[in-house]
Amino acid sequence: MTKYENQIPTSAGMSFSSLVSMLKDSMRRSIERRPAGNIPVEKYEPAESLNVSDNPQVTWFGHSAFLLEIEGHRLLFDPMLGNRPSPVSWAGTKRYSTNLPIQPEDFPALDAIIISHDHYDHLDYSSIRRLKNKTKRFIVPLGVRRRLIQLGVPSEQITEHNWWDELSFKGLTFACTPARHFSGRGLLDRNSTLWCSWVIAGQETKVFFSGDSGYGPHFKEIGRKYGPFDLTLMECGQYDERWSNIHMMPEETVQAHLDVKGGLLIPVHWAAFTLAYHAWNEPVERITKAAHALNVNIATPKIGEKVVLHSETYPSQPWWRSN
C-alpha cells in the first residue's frame, strides 16, 4: 500500500499522556463546546446565470464546505453537508444546526467538486451521493479516486493530483499544493491517500484554500510560487496544542495567510461540529483579534451568507456572540 508523508516530520500528538489528558478534558463542563442555541443560517439562493465578468463570490456552508463562484464557474469544495462526520450515521458529534443554506439536491449545476483529503469531515459519502449528478468533474489528491468510485462516480470524471501538479480546466488553473496533515478513514489505511491545499487561478482572481494543515514552510513556498492571492480560505478550528502539527492555532492561521500573500481572509473549519476541546466560538474570536493586530482584512460571514470579492465592506458582525 502506498504511504504518503509530509514535507517535514509531523507527529499527530497521540502519545499515551496526550490521550490521558484528552480524556480528562472531555469530562470538563466549564467550556461551551457547542452553541447553546441555534446559530444563524442564511438561505443560499443561486443566481439564474453566471457571467464571466461577475465579481467572484464565496458562500460558506459551515466547517470547510464552500462554493466558489468565479469567472462564470461554480466550484464546490469539501462538501461535508451531512449530519455527522462519522463512518456511521448514528454515532459521532452532530452538526450544530439542522438547517442548511441549501440541500445537496437543490444545488445548481456545478463545474467541479474539489476535495482536499479523505477525512470524514471533508469527504462525506452521503453528501457525494446526493451531489454526484450535479457535476461531471471531481478534482482530488492522489488515492481519493477509489473513494469516489465506491460511490458510483465514473472514473473518467475524476482527476487525481500530486503536490505541485497543475490542471487547466474551463479557463481556470488549479494547482494541488502541499499541506501538513494526514489521511485515512479507518484503522488500517493511515496516509494511504494524499492530503493537499488548492490554488485556483482565473484570468483576474486567485484564491487559496488551505485544506487541513499544521503550520509549516509550505505556506511561504506556495506564496512565492503562486501568490499574491485575492482571497484565502484558511482552516481555523478543531485545534489543540497537543496536535498543533496537523491543525494550526488561530494565530498561526493568520501568519499562514500572510505567508501565502493573501488579501481577504475567511476562516473555515469551524461552526459546524465539535472535534476539539476549545469553546465552539473561540476560533473566530482568536483569529479576528490576531488579524486586526496585523492589519489583515478578514471576513466572518454567517453560514450561507455570500461574500463578494472587491466589495467596499465584508461581513464582520460577531453573530456568534448571541449564542
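The values are calculated or read from the model by the stated rules, or taken from the named source; none is laboratory data. A quick note: this is a predicted structure, and the numbers were derived from the prediction, not measured. Cβ atoms come from the backbone with ideal geometry, glycine included; neighbour counts cover every protein chain shown. Protein only, heavy atoms only, side chains kept; ligands, DNA and RNA dropped before computing areas. Shrake-Rupley method; radii C 1.70, N 1.55, O 1.52, S 1.80 Å.
For the pair the stretch 51-76 / the stretch 221-287, the C-alpha centres are spaced 19 Å from each other. From the residues Val88, Ala291, Trp198, which one has its Cα farthest along the dipole of the stretch 55-321 in the positive direction, the dipole being from +1 and -1 charges on Cβ of Lys/Arg and Asp/Glu about the Cα centre? My answer, from the dipole projection, is Val88. Taking GluC sites (Glu not before Pro) as exposed when DSSP calls them loop and at most 11 other C-beta atoms lie within 10 angstrom, the chain has its longest site-free stretch at 49-311. The calculated 222 nm mean residue ellipticity attributable to helices in the chain amounts to -4500 deg cm²/dmol, summing -39500 (n - 2.57) over DSSP H runs of n ≥ 4 and dividing by all residues.
Extension gain, Ser89-Ser316: 0.36 nm per intervening residue step, less the Cα-Cα distance, totals 78.3 nm. Given their separation in residues at 0.36 nm each and the Cα-Cα distance between them, Glu204 and Ser244 gain 10.9 nm when the chain is fully extended. For the chain, with all protein chains in place and a probe radius of 1.4 Å, 49% of the accessible heavy-atom surface sits on carbon or sulfur.
Here's the picture: a label point sits 7 Å out from the Cα of Arg28 along the beta-carbon direction, and within the stretch 235-279 the residues with their amide nitrogen under 11 Å of it are 241, 277-279. Taking other residues whose beta carbon is less than 15 angstrom from the beta carbon of Ala290, and scoring Lys, Arg as +1 and Asp, Glu as -1, yields -4. Measuring against 30 Å, Cα to Cα, the residue pairs Lys134/Lys206; Lys3/Lys225; Lys94/Lys306; Lys136/Lys261 contain Lys136/Lys261 as the ones spanning a longer distance. The residues of the stretch 90-147 have, on average, 39 Å² of accessible surface per residue, using a 1.4 Å probe with all protein chains present. First select every other residue whose beta carbon is under 15 angstrom from the beta carbon of Pro104; then total the charges, Lys and Arg +1, Asp and Glu -1. Once all neighbours under 15 Å are counted, the net charge is +3.
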